[in-house]
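Every number in this text was worked out from the coordinates using simple rules, so none of it is lab data. Note that the structure is predicted; figures quoted are calculated from it, not measured.
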Amino acid sequence: MKCQRENNDLVVSFDERMDSALCAKAAKEVEAALADAKLQVGNQLKVKFDVSAVTYGSSSFLRICLSTAKSVGTTSFSIVGANETLRKVFGIAGFDKILTIV
């Protein structure tokens, strides 16, 4: 997982498998990066989760997505690069109705 700031955007790129074990560590890293970015950018922060390399997303990964979206607001959060399988998972969870998935 890699977090990087690009102007007012925080881009978080995830690795292949986002299983429960990896998500515990990832959640802490995302929270820390989010808190730091909010201090620097404030309310203009936009968060993008790049999931183009993700081949598996557990319910823990969905929780990270949802908690981050709640933290910055659903209009300031997007998921990019989702493959067909992840799109189905997001759809089953109803995330496609409340989040921007590109």
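Numbers at a glance
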quantity	calculated
Three principal axis lengths of the chain [C-alpha, angstrom, descending]	35, 27, 19
Selected from Ser59, Ser13, Ser76 as most flexible by GNM, with the chain as the system and alpha-carbon contacts under 10 Å	Ser59
Antiparallel %, DSSP beta bridges [both residues in the stretch 1-79], to 5	35 percent
Helix-derived mean residue ellipticity, 222 nm - over the chain, DSSP H n ≥ 4, -39500 (n - 2.57), to 500	-15000 deg cm²/dmol
Cα gyration tensor category, rounded, prolate or oblate, for the stretch 1-43 with a/c compared to 1.5	oblate
Estimated vicinal HN-Hα couplings, Hz - the stretch 11-22 in sequence order (Karplus 6.51, -1.76, 1.60; Gly, Pro = x)	9, 10, 9, 9, 7, 4, 10, 10, 8, 4, 5, 6
